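Each value in this text was obtained by applying a stated rule to the coordinates, not by laboratory testing. Bear in mind the structure is a predicted one, so any value in this text is a computation, not a measurement. Heads up, the Cβs are rebuilt from the backbone with ideal geometry, glycines too, and the neighbour counts pull from every protein chain shown.
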Amino acid sequence: MSKARTIYDKIWDDHLVDSQDDGTCLIYIDRHLVHEVTSPQAFEGLRLAGRTVHAPAKTLAVVDHNVPTTPDRVNGIKNEESRIQVAALAQNALDFGVEYYSEKDKRQGIVHIVGPEQGFTLPGMTIVCGDSHTSTHGAFGALAHGIGTSEVEHVLATQTLIQSKAKNMLVRVDGKAPEGVTAKDIILAIIGEIGTAGGTGHVIEFAGEAIRDLSMEGRMTVCNMTIEGGARAGLIAPDEKTFAYIKERPRAPKGEAWDRAVEYWKSLTTDEGAEYDRVVTLDAANLPPIVSWGSSPEDVIAVTGEVPNPDDIADETKRASKWRALKYMGLTPGTKITDIEIDRVFIGSCTNGRIEDLRAAAAVAKGRKVADRVNAMVVPGSGLVKEQAEAEGLDKIFLEAGFEWREPGCSMCLAMNDDRLKPEERCASTSNRNFEGRQGYKGRTHLVSPAMAAAAAIEGRFVDIRDWK
Ligand SMILES: CC(C)[C@H](C(=O)O)[C@@H](O)C(=O)O
Ligand code: SF4
């Protein structure tokens, strides 16, 4: 009998083109997503070598990081650097015959939101993008990872990637998440538990009742942040929810091809008895809403907690680094999280910029007002998310409450455009990274769920969404 395999093993085996004795392997890549930041040199490399894109139909390009989020962007991008980068992708896509969504196309958005939306992302596929949060697509039971620019060129030219096989790790979240505890809280809790290096060298499979219970949007949130836990990729076995999400998407298989695809996708589960190199379990029932307090996604605490005291850390290097984080964040140990006042709120990003996230934030914002001290913005993850939200009247709810309602893009997740924090401004953000300067020079980021961010906008400080109003 053949060895019991994990879902990662299965997808890997199905894509293996060549394997060397030293572990160097060549795998076939089914889908390649391209954005403006990590692709210019890759296309230039092809041009210089006189090469073409091997499989243009398996490649999709979209602008997201640099595009302004104000409506006047359709009249031209003012910032020169951004304009050049966006124009370069448009030209490269045209020259190499790759489909491209510009800032004027309503299908445009953050690359990791666009792929699933279009049915470009499908279970069992290998998916790459020159972007670390490619792990998002693992929510569909795809093997999806971020690659560097030289690898982008390699994939464009050959539709293959040199890789070594990672180890298998299982993160099982048992039980039911309480009301107010979301996918974002689950993944922040996991990273808090394993640390930012916890998944190094592994592909994480997320399983357990709390993961099964999540919508596809929630599963994407979880897989999105796998990379912050150091893992190569994260994935979740596809199920009926996955198939329902994909069905009728523009690029999803149709008719008989659909039936055959679903048949195959159903085989993408971990076999009984398959072994993992590492297993971590969490109980969802015990999880609170979570707020990050430091400058790493592992610096997390329950909203009911206090800013921790780094002096309690035994390891000297770690202690020093957490003191530095607190200094950067302008916080003192023992401060109650709910006493921390905020200046800005950012609802968006590939972590939490999907329709369900906007619904959750709007449910909190409805009939309320953003606190005077706060400037809050909502940036839909894609033009289609924006359109859906507007059809549901969510834009009106946000605008009436005093939130800004923007055009889709990465926006203040990484501050490559005008959306950025001023020095020492404090932000409740639904994004995934809180590194120093991530949202603007000297800006202070607290990672939270969409509902928690919206509630913080109303109150001007963090509140426990579970017992709020
Ligand atoms: C710009 C890009 C290369 C980068 C990434 O790889 O993740 C960005 O998307 C980010 O979130 O920091
Ligand atoms: S939204 Fe943020 S994390 Fe996602 S791709 Fe854009 S910059 Fe990276």
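The table below gives the values:
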| quantity | calculated |
| --- | --- |
| The range 47-72: number of residues that are within 16 Å of ligand 2 (Cβ to nearest atom) and out of contact with any strand residue (DSSP E or B) (no Cβ under 9 Å at 6 or more places or on another chain) | 4 |
| Tally of residues being surrounded by fewer than 24 Cβ atoms within 10 Å (Cβ to Cβ) and among the aliphatic types (A, V, I, L, M) across the range 183-197 | 3 |
| The range 405-451, residues that are within 15 Å of the chain's Cα centre (by Cα), within 20 Å of PRO68 (Cα to Cα) and more than 14 Å from ligand 2 (Cβ to nearest atom) | none |
| Members of the range 98-125 that are within 16 Å of ligand 1 (Cβ to nearest atom), in a helix (DSSP H, G or I) and farther than 16 Å from ALA233 by Cα | VAL111, ILE113, VAL114, GLY115 |
| Given (1) away from ligand 2 (no atom under 15 Å from the Cβ); (2) polar (S, T, N, Q); (3) in contact with a strand residue (DSSP E or B) (Cβ under 7 Å, 6 or more places away or on another chain), index of the condition GLN388 fails | (3) |
| Filter result (assigned to a loop (DSSP other than H, G, I, E, B) and aliphatic (A, V, I, L, M)) within the range 1-24 | MET1, ALA4 |
| Failed item in (1) within 16 Å of ligand 2 (Cβ to nearest atom); (2) over 21 Å from GLY180 (Cβ atoms); (3) of a type in the set (Phe, Trp, Tyr); (4) surrounded by 15 or more Cβ atoms within 10 Å (Cβ to Cβ), with TYR328 passing the rest | (1) |
| Considering residues of the range 32-46 that are away from ligand 2 (no atom under 16 Å from the Cβ) and in contact (Cβ under 8 Å) with a residue 12 or more places away in the chain only, the residue nearest to ALA144 (Cα to Cα) | ALA42 |
| Test: residue in the range 70-91 that is farther than 30 Å from LYS266 by Cβ and within 19 Å of the chain's Cα centre (by Cα) | no |
| Residues located in the range 159-176, provided they are surrounded by fewer than 22 Cβ atoms within 10 Å (Cβ to Cβ) and of a type outside the set (S, T, N, Q) | LEU161, ILE162, LYS165, ALA166, LYS167, LEU170, ARG172, ASP174, GLY175, LYS176 |
